[in-house]
Structures are given as structure tokens and as C-alpha cells.
Amino acid sequence: MTDKPLVAITGASSGIGEATARAFSADGHPLLLMARRLDRMEALNLPNAICRQVDVCDRAAIAAAVAEAEAQFGPVDMMFANAGIARLADIGRQDPAEWDEMIDINTKGVMNSVHAVMAGMIARRGGTLVMMSSIAGRKVYPDHTVYCGTKFFVHAVSESLRAYLSVHDVRVLVVSPGVIETEVLNSVTDERTLADYKANKAKMGGGIGADIVAQLILDAYRLPQNTLVQEICLTPTRQVY
């Protein structure tokens, strides 16, 4: 057991979610890891970690997982609403079902994650919400139309939540990465968009390691509760837009 507070992470089976789980586990935190791929989370074999197969579109499933973990490790002190999907494509030929998937996971999933812990954080007068956005939540890019829309949503909601929760001493941190070495391209079904993305990524010498993002989140979390890094925005040095 550990005397450090519980950290919950959605989308914990790969990429930034997995890297953040590793970083906080190494720092001694118990974890609630949630994602669709249970086997990937269990394979991490992290101590004091509860792994649950959760679809973030299922509000009740997130709440149940949080309640179970809190019964064992105490209240969630940080929720990383990380789960997301990038179905990048030419908007004129993209299947609208891909729009629905991004909107459900990237917007409703974030709000469901927040809802599961917000009331408790307000009652305890403390806690941290880490909201996964993107550089695409600050700028628009070709073939990112709906994806950008979902990430602009995350920015807007986070700004509102930050003001609302500030009087309760609850922090809201937005993470806005550029190109990162993750499995995000696995979600792209448009071959032309995928080729363009890979070509642009190669021009900048590749993406940033997910472990770098995870360490920045940990460093920001470690600050005193009355100190907030409002946004972490990082890109490869050679990413110019």
C-alpha cells in the first residue's frame, strides 16, 4: 500500500495514458487504469493498480470503476481524461460515423470522466483534472475538421471548469501536444490523409516521446495545490504549425 493519493487515467492502455500510468506508479501512486483493452493495461503489471475495461462513453461504467478504486485506495486526487480518437480524413468524403465516434469519445467521454470525480473534489476542496486536448484544439489543420472541433470543445470546457472550480481549490490542467510518438495514426482510415500526416511527421524528424508528456504532467501535478500550470503545450522543435 502507499500513502500517496489515487490517480485515475482513461485511455491508459497505450500512448500518453500508458506513459503517465508508468510515471505516476514510479512516483508511488496507486492507480485506476481504464480503457477498452484490458489485456494491455494488465500487461503493464504496475503495483497498486486496478485495471478496468471501460468505454468512456458509458458514464455509469466510469463511475463504478471510480467507486471501486476509491473504496480500496481512497479518493481520486487526479483524473486524467485522456481517452480519445483521431479519425482524420477529408471532410468531404469522410463517413459521418467517424464524426460520431470522435464526438462521443473526445467530448462526451471527457465530460463523463470529469463527472465521476468532480463532486468529490469539490467536497474535499482539492484535486486536479487533467484534460487531454491537442495543438489541434488551438489551431485548425487540413483533414482535422471534426477532430479539431472536439479538441476546441475540450479547451472551452476546461476554461469554464477552471473558473468554476477555482473557488473550491480544484485545478484544471489542459494538455495540448503536437506530434507525439503514439498509436494515434492507427485510427486514421483515410489513406491519403494518413500518407500526408506521415510525410509531415517525417519532415520534422518524428514526434516527441509519450514519456516526456507524462513527466511534464507529473511535474505540474507535484506543484502545491494553490499553484496551477493551466496548459502544457508542447511540439517537436521542427513542428512549425
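Values computed for the structure shown
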read-out: Which listed residue, of Ala61, Ala65, Ala8, is in contact (Cβ under 8 Å) with a residue 24 or more places away in the chain, in a helix (DSSP H, G or I) and open to solvent by less than 50 Å² (accessible area, probe 1.4 Å); value: Ala65
read-out: Residue check, Gly109 of a type in the set (Gly, Ala, Ser), in contact (Cβ under 8 Å) with a residue 60 or more places away in the chain, buried (at least 16 other Cβ atoms within 10 Å of the Cβ) and under 20 Å from Gly17 (Cβ atoms); value: yes
read-out: Qualifying residues in the range 88-100 (those that are assigned to a helix (DSSP H, G or I) and open to solvent by 50 Å² or more (accessible area, probe 1.4 Å)) - the one nearest to Tyr197 (Cα to Cα); value: Trp99
read-out: Ser158 vs. criteria in contact (Cβ under 8 Å) with a residue 24 or more places away in the chain, out of contact with any Cys (no Cβ under 9 Å at 6 or more places or on another chain) and of a type in the set (S, T, N, Q); value: yes
read-out: Residue list for the range 154-172, filter: open to solvent by 10 Å² or more (accessible area, probe 1.4 Å) and within 13 Å of the chain's Cα centre (by Cα); value: His155
read-out: Filter result for Ala123 (open to solvent by 70 Å² or more (accessible area, probe 1.4 Å) and over 16 Å from Arg87 (Cβ atoms)); value: yes
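Residue-by-condition table, conditions (1) under 21 Å from Val229 (Cα atoms); (2) open to solvent by 70 Å² or more (accessible area, probe 1.4 Å); (3) of a type in the set (D, E, K, R):
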| residue | (1), (2), (3) |
| --- | --- |
| Ser113 | yes, no, no |
| Val140 | no, yes, no |
| Thr145 | no, yes, no |
| Phe152 | yes, yes, no |
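Okay, residues lined up against (1) within 22 Å of the chain's Cα centre (by Cα); (2) open to solvent by 50 Å² or more (accessible area, probe 1.4 Å):
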site	(1), (2)
Val188	yes, no
Glu191	no, yes
Lys201	yes, no
Met204	no, no
Ile212	yes, yes
Ile217	yes, no
Pro224	yes, yes
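The values are calculated or read from the model by the stated rules, or taken from the named source; none is laboratory data. Everything numeric here is computed off the predicted structure, so don't read it as measured data. Positions of Cβ are backbone-derived with ideal geometry, glycine not excepted, and every protein chain shown enters the neighbour counts. All accessible areas refer to the heavy atoms of the entire protein, side chains included, with ligands and DNA or RNA removed. Shrake-Rupley method; radii C 1.70, N 1.55, O 1.52, S 1.80 Å.
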